[in-house]
Each structure stands twice: as C-alpha cells, then as structure tokens.
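Report on the following structure.
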Amino acid sequence: MKVIVLGAGIVGVTSAYQLAKSGHEVTVVDRQPGPALETSFANAGEVSFGYCSPWAAPGIPMKAMKWLFMKHAPLILRPKLDMAMLAWMTRMLSNCTSERYAINKSRMLRLADYSRIALAELRAETGIAYDERMQGTLQLFRTEQQLEASAKDVKALAADGIPYELLDRDGCIRFEPALKHVRDKIVGGLLTPKDETGDCFKFTNALAAKAEALGVRFAYGTTIRALDVEAGRVRGIITERDPDRDRERMSAEAVVVALGSYSPLLLKPLGIRLPVYPVKGYSLTIPITDASRAPESTVMDETYKIAITRLGDRIRVGGMAEISGYTNDLGLARRSTLEHSVTDLFPGGEISKASFWSGLRPMTPDGTPVIGPTKIAGLFLNTGHGTLGWTMSTGSARLIGDLVGGGQPEIDVTDLAISRYR
C-alpha cells in the first residue's frame, strides 16, 4: 500500500523502516529539516527494557506534593487554564492505585521485552552503530525507604520473567566502579541487566538512511495541516511547505500518526480524543575527561529521577518532568538540578562544557503508548510513549507493520489501542 508516516522521530523512522521492509510505498513527513530533531534529539540515552514503570503509581500524589517544594524537584507543575492538562492530570491520578499500576506496568514490560528482541535483530540486520552498550541499568537508592519501596517493581519484574538483581552498596560499586568515590551516599540498588544504552539521535539518522535505501521518501520541512478524510476513511494529508504557497494534498491508503505530543492536536478535529499531553524533560551532555569517574552504563538516581548514561566519550544526564504545556524554554533551575545529581554521584567532570537541552515527551495518563487503528479506516496511531520512545520504538514499529498490513501481531495489542480510553 501507499503509506504516509507522520513524524521523523525515533518512532516514526522505525515505523517507516518496518513498513518499507514489508513492501509498502512509504513517505515520512516532518516539519523539521531532518530526522530526530525534537524529542529524539538528546534524550537520556536509556534503552530500558527492565527499568520501565508508569509514572502513575501508588503514593505518587503525596510524593508530588513534597516534590513541589524541593529545590531539586523531579516534578515541576506550572498550572494554567488548559482543559487538556486538567483532564490528563485527573486521569493520571486515577491510575495511581496498586491495581492500575500492576496492569500498566505489565503492559509496558510486555512491549519493552518485545522491543528488546526487535532491536537486537535490527542491529544485527543493519550493523548500525550508535554508541551502544549492553550493560544494564542500575536504579540507585540513597535511602532504605527507597530500597524497601522497590518491592513493587521487583514483584512486577518477577511476574513477567524480566531478569533483575537487588544489590547492596558493595554490589553497586562492583557494577559501577566510579561510585566508590561516593559510597557513603548510597545504600543499594536494583539492577536490570538486560537494559542497554545508546544515542537515539545517531540511531535514528542511521536508520533513516537505511530506510531511504529501501525506497522510503522523506518530506522534510513540510508542515502537516490536516488529515484528509472522506466517508470514514483516510485519503491522505494536507501539507504546506511554504506559508505563502497553497496547501498541497498527499494521497495515501494508510496514515500512521507518530507525532508525539502533537498527535492529539491533529486528531481533535476528527473527533478522536487522544489523552496524550507533553511532559517536558531536560538533559545535559558532558564530555568525559576522566573515565574512572564516569558511569559504565546507566545509573538512575532514584532521589531526583535522573538518569546518568555513558554514551561513548560523553555522559548524558536526563530527567525531570515539567508539566507546563507546549513550551520548550530552557530554565536555569532545571540545569542546576541535573548538575547537582551528576556531580553528587560522579564528581570531577567538566560540567562547564555541558550542552543543555529540553524536549516534550508524549505522555499518556497510564504510561502505556497508544498503538493501533482508530475509528477512521486506514488511520493508525503509534504515539504516547512518554520517556520510553527509544526503548519501545522497534517493537512498536513491528506492531504497526503487522496492523497496517492486516497481519497478526506477535504479542497482544488489544490493550494498547485507543479504545482502552472509552
């Protein structure tokens, strides 16, 4: 079929590659001049097949109240008169129960483990290099209370057969030797050894080149104005390359919406209510000057919800959740929090040479992405991955490839569809 993929981030490019492999004629449309220039540009670098949990969890409402008054808070809320924000937060709070957490965590682990297999096969197939490492994620606990609270995650990992290991202080240092300099600041950790790391921007650009070799056309610098729908079926999209020119129609038999946080805005005029809202994250990228004081893989600082990841000769420090709508400004206070976490655990780096970035993560209230068909024939969604777009991209792309082509996905997708919000 003739398929249009909307969005050239990690989710859109992996979808396009998979669809082209299946024999479809694929065009990717994006307003940016190249791939992975928004949310996929400088994310935390984690590929977290085991360390993936819904933000909506038991106890989060009380923690959120405390975080709002912390100097280095993992959550920043800037309330405004925005009904979409209010509706999203209300739905998220309704998912902060033990029962909902277990359901949502299981969904996420199922898709993440499927993506682990898909990424390994794609890497072997293409030979793409992206500063990848396969050494696991260490969720680092600074307090006994954090260590005890990890029991719910351990239970979910065990139930889904995901490998894990609880480590004491010495075990953490054996896994990440640089932590020996701050041993008194940690009490233990939860290791998920199947997790990986890698530069999402490098991967997406390399895969886009592979997709082009398969015949995928990339229409960069193109603004998507609307979906073209007639008699309950998608017929293509309406685009605009230059504001002074007339709008153009691109026809297709199927359209995949992979626009991240901007997906709901495109779908709303069609009566499709997609509960995805932007949650801004920040990152620093720091050159490594002393490898003995740098992480080997990913360390997740549980206190500040910040990931510190090794990417070749750089450290990527990413995290925080700022609920402030579609704003992408760089707040100096957020940089201060990132700097505090990384220098507290890995002192001695060239923090003055760090580059600062922010991106909008497309979050659903339950933490699970939305993948599958809509009420409009030929219109499919692959969005709402939140902080785990890099982690879940390859598995999500396989599912979309199967669904668009009318095939049977290899894992259950019924609870990933938008219909779960009815």
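Given Pro269, Pro278, Pro295, which one is assigned to a loop (DSSP other than H, G, I, E, B) and either surrounded by 19 or more Cβ atoms within 10 Å (Cβ to Cβ) or in contact (Cβ under 8 Å) with a residue 24 or more places away in the chain (or both)? Talk me through it step by step, then tell me what you get.
Values: Pro269 fails: assigned to a loop (DSSP other than H, G, I, E, B); Pro278 fails: assigned to a loop (DSSP other than H, G, I, E, B).
Checking each option against the conditions leaves just Pro295.
Considering (1) modelled with pLDDT of 95 or more; (2) out of contact with any Gly (no Cβ under 9 Å at 6 or more places or on another chain); (3) within 18 Å of Phe356 (Cα to Cα), say which one Leu330 fails and leave the rest.
Exception for Leu330: condition (1).
Check Ala156 against each of (1) buried (at least 17 other Cβ atoms within 10 Å of the Cβ); (2) at pLDDT 95 or above and name the one condition it does not meet.
(2)
Residue-wise test of (1) closer than 30 Å to Ala84 by Cα; (2) among the charged types (D, E, K, R); (3) open to solvent by less than 10 Å² (accessible area, probe 1.4 Å).
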site: Val234; (1), (2), (3): yes, no, yes
site: Ser251; (1), (2), (3): no, no, no
site: Pro264; (1), (2), (3): yes, no, no
site: Leu274; (1), (2), (3): yes, no, no
site: Ser283; (1), (2), (3): yes, no, yes
site: Arg310; (1), (2), (3): no, yes, no
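I'm trying to understand the selection: among the residues of the range 90-110, which are part of a helix (DSSP H, G or I) and either among the aliphatic types (A, V, I, L, M) or surrounded by 18 or more Cβ atoms within 10 Å (Cβ to Cβ) (or both)? Break it down stepwise before answering.
The initial filter retains those residues of the range 90-110 that are part of a helix (DSSP H, G or I), namely 90-94, 98-110.
Hits for the range 90-110 are Met92, Leu93, Arg100, Tyr101, Ala102, Ile103, Asn104, Lys105, Arg107, Met108, Leu109, Arg110.
Got a sec? Which of Gly386, Gly405 is open to solvent by less than 30 Å² (accessible area, probe 1.4 Å) and small (Gly, Ala, Ser)?
Numbers: Gly405 fails: open to solvent by less than 30 Å² (accessible area, probe 1.4 Å).
So the residue among Gly386, Gly405 that is open to solvent by less than 30 Å² (accessible area, probe 1.4 Å) and small (Gly, Ala, Ser) is Gly386.
Tell me the strands (runs of 3 or more DSSP E) entirely within the range 111-194 that contain at least 3 residues that are in contact with a Phe, Trp or Tyr (Cβ under 7 Å, 6 or more places away or on another chain). Give the derivation first.
Details: elements: 137-141, 165-168, 188-192.
In the range 111-194, 137-141, 188-192 are the strands (runs of 3 or more DSSP E) which contain 3 or more residues that are in contact with a Phe, Trp or Tyr (Cβ under 7 Å, 6 or more places away or on another chain).
Filter the range 345-372 for residues that are part of a helix (DSSP H, G or I), over 29 Å from Met108 (Cβ atoms) and out of contact with any Ser or Thr (no Cβ under 7 Å at 6 or more places or on another chain); which is modelled with the lowest pLDDT?
Among those residues, the one meeting the criterion is Ser352.
Among (1) in a strand (DSSP E or B); (2) out of contact with any Leu (no Cβ under 8 Å at 6 or more places or on another chain); (3) assigned by the TED database to the domain that holds Gly12, which single condition is Ala307 missing?
Ala307 satisfies all of (1) in a strand (DSSP E or B); (2) out of contact with any Leu (no Cβ under 8 Å at 6 or more places or on another chain); (3) assigned by the TED database to the domain that holds Gly12 except (3).
Taking Ile288, is it in contact with a strand residue (DSSP E or B) (Cβ under 8 Å, 6 or more places away or on another chain) and buried (at least 23 other Cβ atoms within 10 Å of the Cβ)?
Details: in contact with a strand residue (DSSP E or B) (Cβ under 8 Å, 6 or more places away or on another chain): yes; buried (at least 23 other Cβ atoms within 10 Å of the Cβ): no.
So Ile288 fails the test.
Looking at Pro74, Pro35, Pro58 in this structure, which one is within 22 Å of Tyr282 (Cα to Cα) and open to solvent by 10 Å² or more (accessible area, probe 1.4 Å)?
Working: Pro74 fails: open to solvent by 10 Å² or more (accessible area, probe 1.4 Å); Pro58 fails: within 22 Å of Tyr282 (Cα to Cα).
Matching residue, one of Pro74, Pro35, Pro58: Pro35.
The values are calculated or read from the model by the stated rules, or taken from the named source; none is laboratory data. In this text the structure is predicted, and so the values were computed from the model without any measurement. In this analysis, Cβ positions are derived from the backbone assuming ideal geometry, glycine residues included, and neighbour counts consider all displayed protein chains. We work out accessible area using only protein heavy atoms, side chains counted, and drop any ligands, DNA or RNA first. Shrake-Rupley method; radii C 1.70, N 1.55, O 1.52, S 1.80 Å.
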